[in-house]
């Protein structure tokens, strides 16, 4: 593994650690905050914000491990980050959820673009992958899937901790590999 790949992996681990801490705080606030804070949606907003470094960490890891997929993965990661940001805005800004219906629609379209954009990684001809991606993007946008993001945001600290643990484990294994090959 090159020094550049190690530094990207270290950055991804740091981003995942930030996401784990912020996500843990957000989950705690979302579950216990309403007992002492008048606005229960703040915890969900914190969880959604904690998802941003996790998305960046995942994109960095995919780009470093699969260089051919790096350009394909960046755009869906950006679309998903925009969806998380929009839903965080919707949660904190809408006294009446119906007043900002367009935010949920735009966030749903971004989720659709994120999921549909990954169709380019499928072993399909490029035009077929584009059609599949567009169909998935439109279907998810029409289904208003952004309403599921706040529920899925509770997975942010768990996924972030998983990335931190896996990266630490891989780092420890790499640290012992030279001593194994020297002993043989």
Given a Förster radius of 35 Å and the C-beta distance between residue 166 and residue 98 as r, what FRET efficiency does 1/(1 + (r/R0)^6) yield to the nearest 0.05?
0.25
How are the C-alpha pair distances of the stretch 3-183 spread across 10 Å bins, as whole percents from the shortest bin up?
10, 30, 32, 19, 7, 2, 0
Could you work out the Rg to Rh ratio of the stretch 1-108, with Rh taken as the Kirkwood radius (inverse of the mean 1/r over all Cα pairs)?
1.08
Length gained if residue 122 through residue 135 is fully extended, taking 0.36 nm per residue and subtracting the Cα-Cα distance, is 3.2 nm
Nitroxide proxy distance, nm - points 7 Å out along Cα→Cβ at residue 105 and residue 173:
4.8 nm
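Going by a ≥ b ≥ c, the root eigenvalues of the Cα gyration tensor, does the stretch 60-126 fall in the rounded group (a/c under 1.5), the prolate group (a/b larger than b/c) or the oblate group?
oblate
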On a 0 to 90° scale, report how tilted helix 70-93 is relative to the longest principal axis of the chain, with both axes built from alpha carbons and the result rounded to the nearest 10.
30 degrees
Return one number: the angle in degrees, 0 to 90 and rounded to the nearest 10, between the long axis of the Cα atoms of helix 126-142 and the longest principal axis of the Cα atoms of the chain.
40 degrees
With everything on Cα atoms, drop me the angle between helix 41-65 and the longest principal axis of the chain, reported from 0 to 90° to the nearest 10.
30 degrees
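We did not get these values from a lab; they are worked out from the coordinates using the rules stated. Given the structure is predicted, the values throughout are model-derived calculations rather than measurements. We place every Cβ from the backbone using ideal geometry, glycine too, and count neighbours over all the protein chains shown.
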